[in-house]
2 protein chains.
Amino acid sequence: MSHYRRIRQILKEQPLGQAVEIKGWIRTRRDSKGFSFLEVNDGSCVANIQVIAEENLPRYQEDILRLTTGCSVRISGQLAASPAKGQDVELKAAEVEVYGWADPETYPLQKKRHSFEFLREIGHLRPRTNSLGAVARVRSALSFAVHRFFQEQGFQYIHTPIITTSDCEGAGEMFTVTTLDLNNVPRKEGRTDFSEDFFGRQASLTVSGQLEAEIYCLALGNVYTFGPTFRAENSNTSRHLAEFWMVEPEMAFCDLAQDMEVAESFIKYLVQYVLEHCPEEIELFNNFVDKGLKGRLAAVLEQDFARITYTEAIERLTTCGKKFNFPVSWGADLQSEHERYLCEEVFKRPLIVSDYPKAIKPFYMRVNDDDTTVAAMDILVPGIGEIIGGSQREERYDQLLGRLEEQGLSREDYGWYLDLRRYGTAPHAGFGLGFERLIQFVSGMANIREVIPFPRTPGSASL
Amino acid sequence: MSHYRRIRQILKEQPLGQAVEIKGWIRTRRDSKGFSFLEVNDGSCVANIQVIAEENLPRYQEDILRLTTGCSVRISGQLAASPAKGQDVELKAAEVEVYGWADPETYPLQKKRHSFEFLREIGHLRPRTNSLGAVARVRSALSFAVHRFFQEQGFQYIHTPIITTSDCEGAGEMFTVTTLDLNNVPRKEGRTDFSEDFFGRQASLTVSGQLEAEIYCLALGNVYTFGPTFRAENSNTSRHLAEFWMVEPEMAFCDLAQDMEVAESFIKYLVQYVLEHCPEEIELFNNFVDKGLKGRLAAVLEQDFARITYTEAIERLTTCGKKFNFPVSWGADLQSEHERYLCEEVFKRPLIVSDYPKAIKPFYMRVNDDDTTVAAMDILVPGIGEIIGGSQREERYDQLLGRLEEQGLSREDYGWYLDLRRYGTAPHAGFGLGFERLIQFVSGMANIREVIPFPRTPGSASL
């Protein structure tokens, strides 16, 4: 009978005196007179388990003394209290079986700190490090927390399409999806003949599931999406990816004030969840990645988010006496430096800015009674900037049509979207959370390439 | 103060005598002497709530008597026990506000049954029907169940890439992802110059996250993916989509027998979950879509899945005396008719077929000691056929390299995959569940286009 358990469980339950079996990878080996210490990690938690392997074990010379970082092993033995500092328990090995070696001459991951840049070059090995392994567990925990938050409140999860023939206006450049032979593109009247393509027309990767989520919102009430979205933008920065994950709730019978409330409680729920479920990972990030992390996360939970309108923001920025690189004036979009000043220096906590000029916002946002602003909101968090953008949607047919025309968009292309306003329209609102920005916020990771398993950026899509 | 509640909650809690407010869409209006019956649905459940609107209500003539299918409303009033058959409670309206009309002359959804083919043409309205709304709720519930099953057992959810430059061999034709101007494709030495493309090389949409999941499996132990995958195949059938969702767990220190156990308990968990959480939806499908549904789902839970090897399957098929369209012989792949005969006529329950000939399976499956079969398994379910395919993976470097070469694949392309076997390799196994096939199985929906919100098929990708 197998006594195999994950190391996380053993360290938590500490079944002293019992037979246990572990399966994992050697982190380090240290030899002493008559025995060796093995540190073993199985990816279930940050911590290693310490194993004592005595020299009278079978194949001690042949196998155990050859173990190096990265070897995979099965070890059975008895769990004992550890006399030494640094751990509560240790495993006294009765049997050590080696599944796979890791030649220390060539294995790139050795017992030392590697730069994140270096680790990006070995994307197939980097999750074996403490920090990237911790990011992966936090990402998994927070993904589940996203679903829990919405499912507990009766939201339906909707898989909006990845390949799309509609365009969420203004969101950004799109990738083309095609099966045409690029060596021999069919042409008609001098242009690409997309009628020959797989879908019979030009298709792209989605930039947002919002418009399609509205379809389900106006059928089921409260819905959310959580899926990959894409931008074909040539931004090689630490804040942008060509492929990233977004969470987009959409709520029927909901206005901007309620939208902001849901968004604030959502962020708080996620931060609370990660503090409860990943305390070791947060400790590791706080120690090795960002010393201010725990304080910043605690502050999110302690206070209400600050709230100001765009107009108030402009007033604050123009009267504060601070010099900005980008000019501040009513009607211009807020730049990152403005957002960070307001969030980090003025309010020192998450900040919701609402009611932006309609001229700088997409057609689907609901026009306010002043006819110059829209019922939009952005949530800014310290260290990251914008993490959520949302709005009440224009539910009035005539106003929506007017906005489409103002922005030069075709009524035919958006016929289905207009239909949602022709038939049983209702006030509704929603927002989008950039999931990688969230992971950066809770991990302190400076570069967005570290918080997604396989980053896609201009010129780079390995694996 | 608002007494707004979802209809699901009101029907469940039945707060008799209390003030309640609902927001939803009219399904039907029926007028009687001095009052009207309104059936209102808000998408939270299959059932409507019955509203009694008396003629002395404000705007009874102007608004209430104009209400038709699809109008959106807010109704407040008092909940009362219903004297009539068909419902326990009814809402006595005190106030009816209309948010949005739905002109019955043009609104395509009227009080009658529409064919699924017709509904597909109005993809932006079809979730408002009972059956497609129920599918959406079941899909959402089962998505969450997928996450719950794995998270409860300590699996980490991994977002494998959608845009990929590697190819999961043999899985199928791929879509190209590009930002090249198709009207003017750059060329070099007579062929497309992908060095000018966004990623500096040719990129595609993923056909499977398995190979990348193995990276995380061999770092974190147990992982799973749940995301969209793509096939650019010209199959216009009721079983195929160009874009569909897959669940792919991958487990370290796991062999084929354990893989089958996890897969069986996974299917049972999902069926149990949907029966518990969506009983009304299952009832609706059983009544209107597939009369045998409930019996088939109950049978899944009652018995162990049958298990035979491929070799035994071939013996059964060649000795059963039945005529098949496709010939049966050892070495040929099982066809749908063979699978369905075994599953539906011989075993009459879910069936796991294992140990297929290595010649018809991909390079990454572990070769058995007989050197002619691989440690692969498919799970077949009645009415659907294959719903899961999995295998133990080849963890031995030399054998894997041999299989790559046998299949004419380049050692360089799979260098990273071989590395996983060079450094700390370990036995591991996994499987893939076609999520739409699962939804078909639990809903009885005959066409796969009904179980995904926005189906993508050859020639069709609307919205």
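Model label sites at B:Glu189 and B:Glu315, defined 7 Å from Cα along the beta-carbon direction, differ in position by 5.4 nm. D by Stokes-Einstein for region A:327-463, Kirkwood Rh over Cα pairs, 10 °C, 1.306 mPa s: 92 µm²/s.
Judged by the gyration tensor of its Cα atoms, with axes a ≥ b ≥ c, region A:11-71 is oblate; a/c meets the 1.5 cut and b/c is at least as large as a/b. Couplings 3J(HN,Hα) of region B:266-279, computed from phi: 5, 4, 5, 4, 5, 5, 4, 4, 6, 5, 6, 9, 10, x Hz, in residue order, whole Hz [Karplus 6.51 cos²θ - 1.76 cosθ + 1.60, θ = phi - 60°; x for Gly and Pro]. Between B:Asp88 and B:Ile122, the modelled labels are 3.3 nm apart [label points 7 Å from Cα along Cα→Cβ].
Based on Cα contacts under 8 Å between residues 6+ apart, region B:345-463 shows a relative contact order of 19 percent.
Probe radius 1.4 Å, ligands and nucleic acids left out: which of A:Tyr60, A:Tyr4 has the largest accessible area, and how do the rest follow?
Greatest to least solvent exposure: A:Tyr4, A:Tyr60.
Of the residues making up region B:436-463, those losing 30 Å² or more of accessible area when the isolated chain is joined by the remaining protein chains, with a 1.4 Å probe, are B:Pro453, B:Phe454, B:Arg456, B:Gly459, B:Ala461, B:Leu463. For B:Glu406 and A:Glu405, the FRET efficiency from 1/(1 + (r/R0)^6), where r spans their Cβ atoms and R0 equals 60 Å, is about 0.45. Computed from backbone phi, the HN-Hα couplings of region B:325-335 come to 5, 9, x, 10, 7, 4, x, 8, 5, 6, 8 Hz, rounded to whole numbers (Karplus: 6.51 cos²θ - 1.76 cosθ + 1.60, θ = phi - 60°; Gly and Pro given as x). Seen through its C-alpha gyration tensor, with square-root eigenvalues sorted a ≥ b ≥ c, region B:40-103 comes out oblate because a/c lies at 1.5 or above while a/b is not bigger than b/c.
Averaging the sequence gap over all C-alpha pairs within less than 8 Å and six or more residues apart, then dividing by the number of residues, gives chain A a relative contact order of 13 percent. Remark on A:Thr229: its backbone amide H falls under 5 Å from those of A:Phe244, A:Trp245, A:Met246, a criterion applied only to residues 5 or more positions apart or on other chains, H modelled at 1.01 Å from N.
Burial here means at least 30 square angstrom less accessible surface with every protein chain in place than with the chain by itself, probed at 1.4 Å; in region A:6-42 the buried residues are A:Arg6, A:Lys23, A:Trp25. Taking the centroid of alpha carbons for each part, region B:25-49 and region A:322-365 are 46 Å apart. Summarising the strand pairing of region B:296-406, around 75 percent of its internal DSSP beta bridges are antiparallel.
For region A:410-427, the residues whose amide N sits under 13 Å from a probe point set 7 Å from the Cα of A:Arg201 along the beta carbon direction are A:410-417. Buried surface between chains A and B: roughly 8900 Å² of accessible area, summed over both sides, computed with a 1.4 Å probe on protein heavy atoms only. Taking the centroid of alpha carbons for each part, region A:201-275 and region B:157-219 are 25 Å apart. Of all beta bridges that DSSP places with both ends in region B:52-101, some 90 percent have antiparallel geometry. The phi torsions of region A:124-135, fed into the Karplus equation with coefficients 6.51, -1.76 and 1.60 and a -60° offset, translate into couplings of 7, 10, 5, x, 7, 7, 4, 6, 6, x, 5, 4 Hz, rounded to whole numbers, with Gly and Pro shown as x. Taking amide H positions as modeled 1.01 Å from N, with prolines and chain starts lacking one, the residues under 5 Å from A:Thr309 and 5 or more places away or on another chain are A:Ser354.
For region B:106-148, backbone nitrogen atoms closer than 17 Å to the point 7 Å from B:Gln272 Cα along Cα-to-C-beta are found at B:142-148.
Remark: the protein assembly as shown carries a charge dipole of roughly 1020 debye about the Cα centre, counting +1 on each Lys and Arg Cβ and -1 on each Asp and Glu Cβ.
Length gained on full extension, B:Ser238 to B:Glu261, computed as 0.36 nm times the residue gap minus the Cα-Cα distance: 5.3 nm. Rounded to the nearest 20, the Cβ-based charge dipole of region A:83-184 about its Cα centre (Lys and Arg +1, Asp and Glu -1) stands at 580 debye. B:Lys92 contributes an accessible area of around 90 Å² to the protein surface, as traced by a 1.4 Å probe with all chains present.
For chain A, the fraction of 1.4 Å probe accessible surface lying on carbon and sulfur atoms is 46 percent. Dividing the mean sequence gap of close Cα pairs (under 8 Å, 6+ apart) by how many residues region B:397-463 holds gives a relative contact order of 16 percent. With a/c under 1.5 counting as rounded, go ahead and sort region B:46-148 into rounded, prolate or oblate using the C-alpha gyration tensor (a ≥ b ≥ c being the square roots of the eigenvalues; past the cut-off, prolate if a/b is larger than b/c, else oblate). Oblate, since a/c reaches 1.5 and b/c is not below a/b. For B:Arg456, nonlocal amide neighbours, meaning residues 5 or more places apart or on other chains whose placed amide H falls under 5 Å from its own, are B:Ala242, B:Glu243. The solvent-accessible area of B:Glu117, taken with every protein chain present and a 1.4 Å probe, is close to 110 Å².
Looking at chain B alone, DSSP beta bridges between its own residues are antiparallel in about 85 percent of cases.
Shape descriptor for the protein assembly as shown: Rg over Rh equals 0.98 (Cα atoms; Rh from the Kirkwood inverse mean 1/r). Distances from A:Thr309 to itself in the other copies, using label points 7 Å out along the Cα-Cβ axis, amount to 7.7 nm in increasing order. Once both labels are positioned 7 Å from their Cα atoms along Cα-to-Cβ, the gap between A:Glu337 and A:Glu173 label points is 2.5 nm. Take B:Met174: with every protein chain present and a 1.4 Å probe, its accessible area is about 40 Å². Only the Cβ atoms of Lys and Arg (+1) and of Asp and Glu (-1) were treated as charged; on that basis the dipole of chain A about its Cα centre amounts to roughly 1720 debye. As a ratio to 2.2 N^0.38 Å, the alpha-carbon radius of gyration computed for region A:218-307 takes the value 1.37. Helix A:293-302 and the longest principal axis of the C-alpha atoms of chain A enclose an angle of approximately 50°. Computed with a 1.4 Å probe over protein heavy atoms only, the accessible surface of the protein assembly as shown comes to 39 Å² per residue.
The values are calculated or read from the model by the stated rules, or taken from the named source; none is laboratory data. Small disclaimer: the values here were computed from a predicted structure and weren't measured. Cβ: placed from backbone, ideal geometry, glycine included. Neighbour counts: every protein chain shown. Heavy atoms of the whole protein, side chains included, go into the accessibility calculation; ligands, DNA and RNA do not. Shrake-Rupley method; radii C 1.70, N 1.55, O 1.52, S 1.80 Å.
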